[in-house]
Amino acid sequence: EEKMMAMAGTDTVCYRAEKPESLVGAQERAWDPLLAHVAANYGAKLRTTQGIMAVEQDEGAIAALRAVVERECDLGVVAMEAVASAAKSFVIPLALRDGVVDAEEAVAAMRVDEDFQARVYGFVEGMGHDVDVADAKVRVTAAALVMRLIDADPVAYGRKLE
């Protein structure tokens, strides 16, 4: 639970590039709908910033996200943490859990910056880029499968329903 909450305060999707415009646009397209989902469905309006200067999140938003984790079953928290640790994000695994994005879209959202850099500077096979992509796909796909199993019978898995 605490791993997830640590991600909520420093979520990757809240830290935006200042330039180039193509990266700014890619981040907006990938991340703004996820932030909108979290705000609309959980009342957690997370603040964004440009650059790497820390942005303090509203205590009410963090409390709303904590409530999500507290209602989730243990297996669901583990699945969310698997994605969160890879994505450096609370928002991306929550969107995956809620079906806002599928596994492929979640991987794309968590790799916006890396994929931009690979387009600009080149994708290096056998030197890490391909391994990173494969690792992300395995983690996210496995977590998504667990999330769908829990969705099939949330009470049996121990998810606290609202």
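The values are calculated or read from the model by the stated rules, or taken from the named source; none is laboratory data. Keep in mind the model is a prediction, meaning the values are calculated, not measured. So basically every Cβ, Gly included, is an ideal-geometry build from the backbone, and we count neighbours across all protein chains shown. Heads up: the accessible areas ignore ligands, DNA and RNA and are worked out on the full protein's heavy atoms, side chains in. Shrake-Rupley method; radii C 1.70, N 1.55, O 1.52, S 1.80 Å.
Condition check: of a type outside the set (A, V, I, L, M, F, W, C) and touching a Phe, Trp or Tyr at 6+ places or on another chain (Cβ under 8 Å). Does D130 satisfy that?
Numbers: of a type outside the set (A, V, I, L, M, F, W, C): yes; touching a Phe, Trp or Tyr at 6+ places or on another chain (Cβ under 8 Å): yes.
Answer is yes for this residue.
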Quiz prompt | All positions within segment 44-55 that are free of Cβ contacts under 8 Å to residues at least 24 places away in the same chain and over 17 Å from the mean Cα position of the chain (by Cα) | solution = M53
Quiz prompt | Scope segment 1-15; condition open to solvent by less than 30 Å² (accessible area, probe 1.4 Å) and charged (D, E, K, R); matching residues | solution = D11
Quiz item: Within the bounds of segment 79-90, is there any residue that is touching a Leu at 6+ places or on another chain (Cβ under 9 Å) and without any contact (Cβ under 8 Å) to a residue 60 or more places away in the chain?
Solution: no
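Give the residue, chosen from R29, R66, that is over 19 Å from E114 (Cβ atoms), open to solvent by 60 Å² or more (accessible area, probe 1.4 Å), of a type in the set (D, E, K, R) and not in a loop (DSSP other than H, G, I, E, B).
R66
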Practice problem: Please work out which residue is farthest from D113 (Cα to Cα), limiting yourself to segment 46-63 and to residues that are open to solvent by less than 30 Å² (accessible area, probe 1.4 Å) and hydrophobic (A, V, I, L, M, F, W, C). | Solution: A61
Quiz item: Are there any pairs with C-beta distances below 9 angstrom linking a residue in segment 21-32 that is without any contact (Cβ under 8 Å) to a residue 12 or more places away in the chain and at negative phi to a residue that is open to solvent by 30 Å² or more (accessible area, probe 1.4 Å) and of a type in the set (V, I, T), with the two at least 6 apart or on different chains, and if so which?
Solution: D32/T48
Quiz item: So which of K45, K19 is among the charged types (D, E, K, R), at pLDDT 95 or above, outside any helix (DSSP H, G or I) and over 17 Å from E105 (Cα atoms)?
Solution: K45
